[in-house]
């Protein structure tokens, strides 16, 4: 299934942006914005824990970290940790193998004969990076994610009293 257009902005961002008769702001549930920055889930360790500590305050300030968003931020942090681990291991493999720079590894096939394949760490790093960027965009942590959030915060010029009554 393909994308069907831009993602819907949350109602509080639509209100700031302004609405029209043709596109009213829908009523929606509003999750609780915590008074303090939530603690990271206990299962986040290492780089995932560090990333939560690094980014959670900014997400809370932007009001994109509410009581129901902690698991999505935890998933972002975990994807970051997997990506970082894979990149660090690839760097070690690069240093140990100047010929292929760690991008290729030798394994045994089903007959026990050695064969050269793409290092699985390359795929792990790419998959984790894809997930990390996807989650990051949801929280406005990428340029396109910030642009999407900023679009919702832009101030439109006041509308005239006859606007909407006449065809453009």
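The values are calculated or read from the model by the stated rules, or taken from the named source; none is laboratory data. As the structure is a computational prediction, the values presented were derived from the model and not from experiment. Heads up, the Cβs are rebuilt from the backbone with ideal geometry, glycines too, and the neighbour counts pull from every protein chain shown.
Here are the numbers:
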| quantity | calculated |
| --- | --- |
| Single condition residue 15 does not satisfy, out of (1) modelled with pLDDT under 90; (2) in a loop (DSSP other than H, G, I, E, B); (3) surrounded by fewer than 13 Cβ atoms within 10 Å (Cβ to Cβ) | (2) |
| Residue list for the stretch 58-106, restricted to those being crowded, with 19+ Cβ neighbours inside 10 Å and without any contact (Cβ under 8 Å) to a residue 24 or more places away in the chain | 102 |
| Those residues of the stretch 122-162 which are at pLDDT 90 or above and farther than 24 Å from residue 72 by Cα, in sequence order | 122 |
| Qualifying residue in the stretch 116-127 (condition: surrounded by 11 or more Cβ atoms within 10 Å (Cβ to Cβ) and closer than 24 Å to residue 59 by Cα) | yes |
| Filter result (over 15 Å from the mean Cα position of the chain (by Cα) and at pLDDT below 95) within the stretch 67-89 | 67, 68 |
| Any hit, the stretch 25-33, residues being surrounded by 12 or more Cβ atoms within 10 Å (Cβ to Cβ), at pLDDT below 70 and not in a loop (DSSP other than H, G, I, E, B) | no |
